[in-house]
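**Student:** Dropping the structure in here first, questions after.
The values are calculated or read from the model by the stated rules, or taken from the named source; none is laboratory data. Everything quoted here is computed from the prediction, not taken from an experiment. Reconstructed Cβ throughout: ideal geometry from the backbone, glycine too, with neighbour counts over all protein chains shown. We work out accessible area using only protein heavy atoms, side chains counted, and drop any ligands, DNA or RNA first. Shrake-Rupley method; radii C 1.70, N 1.55, O 1.52, S 1.80 Å.
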Amino acid sequence: MSATNATSTPLDVQQFRGSRLELLDLTLAYGPIDVVKNVDFTVAPGTTTCVIGPSGSGKSTLLRGLNRLHEPKSGDVLLETESTLTVKPDELRRRIGLVFQHFNLFPDHTALENVALSLRHVKKMSSAQAKELAHRRLAEVGLAERSDHRPRDLSGGQQQRVAIARALAMEPEVMLFDEVTSALDPELVKGVLNLMADLGKRGMTMVVVTHEMNFARRVADQVVFMDEGRVVEAGPPAELFDNPQSPRLQRFLSEVL
Ligand code: ADP
Ligand code: MG
């Protein structure tokens with residue numbers, strides 16, 4: 001076992017082969033109320049799309065629709081050319097990982113066990129195999145030396161990185177992030193954002209719901225602005241941030257920037 005410095009980039013970093021994701025006229029509802037309405041956009045393989053917009057605009061519901069934690073009312077989501085509606089939900093959630101604001105780690109298990117348990121259950125690995133791979137994934141998120149800590153003995157940022165390592169261990173084709181830094185103390189935000197930026201550079205396809213406008217500007221290939229369940233504007237970050245067309249985006253940016 002190598003003594004990896006917790007903050008340095010590991011040498012044998014894994015490259016990802018992210019898949020293309022295409023949303024086709026996607027509508028999601030709670031009962032009779034549509035909260036995501038006719039959304040279309042494509043996330044090219046290995047690129048990052050940041051979704052921004054006011055609270056209640058449907059961003060979280062949209063992400064949950066992408067891996068069918070929320071069943072679409074109509075429309076479709078393609079992974080490469082395959083309709084996600086034809087993929088079994090369990091398989092789909094392995095292929096499209098979702099990390100939330102609240103990290104949902106098992107409190108009585110160490111960081112290593114949190115990752116290894118998923119590998120044993122989902123990938124049916126032996127205990128030894130799962131532990132070895134879990135250790136590698138934790139090293140990649142800078143937590144090699146924290147692998148035997150329980151969540152309560154880790155900072156919020158470290159817990160969030162364990163949750164990300166656990167999702168990555170499933171070898172997803174796409175990663176979804178829902179405001180993963182919103183609950184963190186300010187000094188811990190940067191480490192998690194840098195990790196996400198790093199995943200993007202390594203080829204992961206990502207959809208990131210975030211309030212971190214500097215991150216969106218720096219890392220996104222595409223920014224999607226939602227309001228009241230609809231995509232109001234979408235395009236490269238420089239276009240949206242420097243030259244917003246709609247009054248709604250202009251107002252939103254004036255409030256958050
Ligand atoms: P955002 O993530 O942009 O804040 P959400 O996707 O959480 O937006 O919510 C979109 C809309 O759906 C909001 O109007 C919200 O009140 C509504 N909503 C969210 N969750 C539920 C639910 N479980 N039942 C009914 N309505 C919901
Ligand atoms: Mg939300």
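**Student:** State to the nearest 20 debye the size of the charge dipole of the chain about its Cα centre, where the only charges are +1 on K and R beta carbons and -1 on D and E beta carbons. Before the final figure, lay out each step's value.
**Tutor:** Values: 30 positive and 33 negative charges, 116 e Å.
Roughly 560 debye for the chain.
**Student:** Under 5 Å between amide H atoms, partner at least 5 residues away or on a different chain: which partners does Val36 have, H built in plane at 1.01 Å?
**Tutor:** Leu28
**Student:** Another one. Counting DSSP beta bridges with both partners in the chain, what percentage is antiparallel, nearest 5?
**Tutor:** On the way: 19 of 36 bridges.
Rounded to the nearest five, the antiparallel share is 55 percent.
**Student:** Note down the Stokes-Einstein diffusion coefficient of region 1-153 in µm²/s, whole number, using a Kirkwood radius over alpha carbon pairs, 20 °C, and 1.002 mPa s. Could the numbers behind the result be given before it?
**Tutor:** Values: Rh = 17.8 Å.
Here the translational diffusion coefficient equals 121 µm²/s.
**Student:** Sticking with this one: What length, rounded to one decimal in nm, is gained on full extension from Ala183 through to Arg152, with 0.36 nm per residue of separation minus their alpha-carbon distance? Intermediate results must be reported in sequence, preceding the final value.
**Tutor:** Details: separation 31, 0.36 × 31 = 11.16 nm, distance 1.52 nm.
Computed gain between Ala183 and Arg152 is 9.6 nm.
**Student:** Per-residue accessible area for Arg95 at 1.4 Å probe radius, Å² rounded to 10?
**Tutor:** The value for Arg95 is about 40 Å².
**Student:** Now a separate question. Could you give the length gained on full extension between Glu239 and Glu71, defined as 0.36 nm per residue of separation minus the Cα-Cα distance, in nm? Numbers along the way, then the final one.
**Tutor:** Details: separation 168, 0.36 × 168 = 60.48 nm, distance 3.24 nm.
Roughly 57.2 nm would be gained on extension.
**Student:** Straight-line reach from Lys131: which lysines have Cα under 30 Å away, leaving out those fewer than 8 places along the same chain?
**Tutor:** Within reach: Lys88, Lys123, Lys190, Lys201.
**Student:** Using the eigenvalues of the Cα gyration tensor, what equivalent ellipsoid semi-axes result for the chain when each is taken as the square root of five times the eigenvalue, whole Å, largest first? Write down the numbers at each step before the final one.
**Tutor:** On the way: eigenvalues 189, 89, 51 Å².
Ellipsoid half-lengths, sorted descending, are 31, 21, 16 Å.
**Student:** Can you give the Rg/Rh ratio of region 99-213, where Rg is from the C-alpha atoms and Rh is the Kirkwood radius? Walk me through the numbers before you get to the answer.
**Tutor:** Numbers: Rg = 13.3 Å, Rh = 14.1 Å.
With Rg and the Kirkwood Rh in hand, the quotient comes to 0.94.
**Student:** May I ask you to derive the FRET efficiency for Glu228 and Glu91 from their Cβ-Cβ distance with R0 = 51 Å, giving the value to the nearest 0.05? Intermediate results must be reported in sequence, preceding the final value.
**Tutor:** Numbers: r = 33 Å, r/R0 = 0.64.
Computed FRET efficiency for Glu228 and Glu91: 0.95.
**Student:** Let me ask something else. Give a residue-ordered list of calculated ³J(HN,Hα) values for region 46-54 (Karplus: 6.51 cos²θ - 1.76 cosθ + 1.60, θ = phi - 60°; whole Hz; x for Gly, Pro).
**Tutor:** For region 46-54, the Karplus curve yields x, 10, 10, 10, 9, 9, 10, x, x Hz.
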